[in-house]
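The values are calculated or read from the model by the stated rules, or taken from the named source; none is laboratory data. Predicted model, so just to flag it, every value in this text is computed and none were measured. A quick note on method: Cβ atoms are made from the backbone with ideal geometry, for glycine too, and the neighbour counts reach across all protein chains shown. With ligands, DNA and RNA removed, areas are computed over all heavy atoms of the protein, side chains included. Shrake-Rupley method; radii C 1.70, N 1.55, O 1.52, S 1.80 Å.
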Amino acid sequence: MSGSQWSLEEHVEVDAAPEEVHRVVSDVRNMGRWSPECRRVWVPRPPVRPGSRFVGFNRSGPFVWFTVCRVTALRAPAASPDGTGEFTFDVAVFGLPIARWGYRFEPAGEGTRVTEGWRDLRTGRSARLAGLLGSVFTGTKPERRTEVNRAGMRTTLARLAADFSRAA
């Protein structure tokens, strides 16, 4: 993955309070409504908490794959002095670390600035195998993963914002 960007962030402003946006996004079963790759999420024991695991079922064109995820951070905006919340999880495939995805929720006027972040965790000895598995299962070569994720993040955040606009 030399020459690749290993992380990125995108953001959107949402017409809802940070606490509400955090509650809806951290219920990962909603992710299939917004993400262009994630079709469904199974949470064995909802709601998720730090350390909880869940399974994402994904699709891109003819490619179908699953991921096992573990929640690494979950902080509601009300629990923070500045009103900022967080939801982060790590993604693995066949026990190999793949990525860290996260959401930050910050007050922005009457609404919320939602920042979605991604960091590639395919490093070290397992990076080559993880990259190969990614190519086989997702149809995306490692050197294209950043551009595919950026486009997916923009779609996800636009759909999320649209959901809250319709609800307002």
(request) Report, by residue number, each residue of the stretch 78-94 that is part of a strand (DSSP E or B) and either open to solvent by less than 20 Å² (accessible area, probe 1.4 Å) or closer than 21 Å to R122 by Cβ (or both). (result) G85, F87, T88, F89, D90, V91, A92, V93
(request) Please indicate, with yes or no, whether at least one residue in the stretch 61-69 is in contact (Cβ under 8 Å) with a residue 12 or more places away in the chain and farther than 20 Å from R145 by Cβ. (result) no
(message) Within the stretch 111-125, take every residue that is modelled with pLDDT under 95 and either of a type in the set (D, E) or surrounded by fewer than 16 Cβ atoms within 10 Å (Cβ to Cβ) (or both) and give me the one that is farthest from S26 (Cα to Cα).
(response) R125
(message) Among the listed residues R75, R70, R154, identify the single one that is within 16 Å of W34 (Cβ to Cβ), open to solvent by 30 Å² or more (accessible area, probe 1.4 Å), modelled with pLDDT of 95 or more and touching an Asp or Glu at 6+ places or on another chain (Cβ under 7 Å).
(response) R154
